[in-house]
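The values are calculated or read from the model by the stated rules, or taken from the named source; none is laboratory data. Quantities reported herein were computed from a predicted structural model and do not represent experimental measurements. Cβ sites come from the backbone with ideal geometry, for glycine too, and all protein chains shown count toward neighbours. Calculation scope for accessible area: heavy atoms of the full protein, side chains included, ligands and nucleic acids excluded. Shrake-Rupley method; radii C 1.70, N 1.55, O 1.52, S 1.80 Å.
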Amino acid sequence: MHLLWSLVVPITCLTVVCTGEKSVNFSDVDIPTEHMPFYFNNFPDLAEQCANDEDCPYRDIAKEKKCWGYEDICPKSKAYSIPVCSGDYKGWAKSSEEHVQRFNNQADFGYIKERNREMKIMCEPLFKDDSSLECADHLRFCRGRNIMFNFTDLIHRKEPIRYAMDVLKNGQVGGYCKLHKKRLQDQCDHLSALQSWGPELRNFVEMPHRPVENNECDVIIEKPTFILKIDATVNMYHHFCDFFNLYAALHLNGSHPEMFSRDVHILIWESYSYLSNFAPVMETFTKHPVWDLKTFRGETVCFRNVVFPLLPRMIFGLFYNTPVVHGCEKSGLFHAFSKHILHRMKIPQFKRRDDKIRITLLSRQTKYRRILNEDELVTRLEENSNYEVQRVYYSHQMPFSEQLELTHNSDVFIGMHGSGLTHLLFLPDWAAVFELYNCEDENCYMDLARLRGVKYLTWEDSEKVHQEDEGHHPQMGAHAKFTNYRFDVDEFEAIVKKATDHVQAHPAFKEFLSTSLKYGHPATHIEL
């Protein structure tokens, strides 16, 4: 049984394609043009109607046979991407094919396919107006219909709610359906605030009446709603785990043509009002104000359609705990996420008037991990006429869209270990990221760069980098992340040269530069 969103969509067909009683406005689909063939593949009726409609803006690509990679049938030649894996798979897999498949299942669209295969009915409906609940293993992802939440106790709760596992008591969430109680309880084995929906759904009960029809709801939410449990909103690395998993959940829940619609609600599972410098990214997922638990404090709320998305700190999750297989890189899922966000935020890629390599150095104005001879390093790069160098400081005073614009138009991105390096997700495909010093946290941004598919470099000669002192962590004592650094200028220049060599040799960069200089406008790429 597939539980589809029972959306009420207008019948009027102006710039839309109609499917029975429903219609899809392609301007509302709002995904990159190069993603449309993958979208059409999952909705062949739409593809057929678009191909036969002279006014459909995607008529020429509607029948292209392409697939994301999680469909039941998806030939490698038609898949969004194929991971790139070296021949060094010993100790990781029995063959090169298994090597690639393992990476795909852990860090690419294969992860979506694996979760789809796990989906089990937890509360089974008998009629279309009944409630329903189905979940992946360990309750890492769930979706439901006609689900009741009782938030009346929250009106008496004085302490703020964040990362709490006791928001609901037994019976404060449920629906009118046949509950497979043991099956549900068996999956409540990852009981942690940001690892699963176990802390909430272990309280799910089978109700004696349909909650909506029996007037047991103070509020009825008709639009689809995503309930999010989010990580630290001030830290780009951690908050983008939230956004990335929400994007992955759109695919996992993608059984309806409006799978990418922004006409949905988002409820954040805490009582703090949502405030973040990265809020514009949240707006790429919803066009409505973001709710929190204060929104419905003291009320019983029924959701017609509710999704419990993938979470930021799942065991073997995405991307905080992704076990990146040795020797593999270039996840199509990460690439698609990058293009999706850039498209919806309308981040341009500017045309080039010359063939200079654009180098961006991310400066830190914090107490620790500052570059003590930063001026000296920048000056050395500026002496090279082949480089266009800019030094940036991504503060909360700079709009995030402006930050992304600078990042997306960089060929080489340089920065100290820190959450600002998460910007590497939005570099062009040909780019290189130079983590100037990893501060003894070797895998974090190296793995993220591998997942995104951009070149990664870092400092290797310990004799040519000098700490200001031993570092002063408030609890752990001496620590490499809690001091500042001075770097050998010649070694710095040599590593940047390796990065620029990579950029200049990349086929996508050559094509982009050629097209940009010839026609005066940037090309669109889906190079992997």
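Annotations for the structure displayed:
- Exclusive hit being farther than 24 Å from CYS188 by Cα and out of contact with any His (no Cβ under 8 Å at 6 or more places or on another chain), set SER132, SER77: SER77
- For region 211-232, the set of residues classified as surrounded by 19 or more Cβ atoms within 10 Å (Cβ to Cβ) and in contact with a His (Cβ under 8 Å, 6 or more places away or on another chain) consists of ILE221, PRO224, THR225, PHE226, ILE230, ASP231, listed by residue number.
- Search result, residues across region 465-484 that are surrounded by fewer than 15 Cβ atoms within 10 Å (Cβ to Cβ) and out of contact with any His (no Cβ under 7 Å at 6 or more places or on another chain): HIS466, GLU468, ASP469, GLU470, HIS472, PRO474, GLN475, MET476, GLY477, ALA478
- Among the residues listed as HIS138, HIS99, the single one being surrounded by fewer than 24 Cβ atoms within 10 Å (Cβ to Cβ) and either among the hydrophobic types (A, V, I, L, M, F, W, C) or over 30 Å from ASP429 (Cβ atoms) (or both): HIS138
Here is a yes/no grid of residues against (1) in a strand (DSSP E or B); (2) open to solvent by 40 Å² or more (accessible area, probe 1.4 Å); (3) in the same structural domain as LYS182 (by the TED database):
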| site | (1), (2), (3) |
| --- | --- |
| TYR89 | no, yes, no |
| ASN104 | no, no, no |
| TYR111 | no, no, no |
| ARG115 | no, no, no |
| PHE127 | no, yes, yes |
| LEU133 | yes, no, yes |
| ASN146 | yes, no, yes |
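- Residues (among the hydroxyl-bearing types (Ser, Thr, Tyr) and within 22 Å of the chain's Cα centre (by Cα)) located in region 53-102: TYR70, TYR80, SER81
- Residue that is open to solvent by less than 10 Å² (accessible area, probe 1.4 Å) and not in a helix (DSSP H, G or I), where the choices are LEU275, LEU246, LEU194, LEU267: LEU267
- Cβ-Cβ contacts under 6 Å between residues 6 or more apart (or on different chains), taken from a first residue in region 305-324 that is more than 13 Å from ALA248 (Cβ to Cβ) and in a loop (DSSP other than H, G, I, E, B) to a second residue that is open to solvent by 10 Å² or more (accessible area, probe 1.4 Å) and of a type in the set (Asp, Glu), are listed as VAL324/ASP447.
- Elements of type strands (runs of 3 or more DSSP E) in region 400-491, at least 2 residues being in contact with a helix residue (DSSP H, G or I) (Cβ under 8 Å, 6 or more places away or on another chain): 412-415, 432-435, 455-458
- Look at (1) open to solvent by 50 Å² or more (accessible area, probe 1.4 Å); (2) in a helix (DSSP H, G or I); (3) touching a residue at least 40 places away in the same chain (Cβ under 8 Å) and you find that TYR163 fails only one, number (2).
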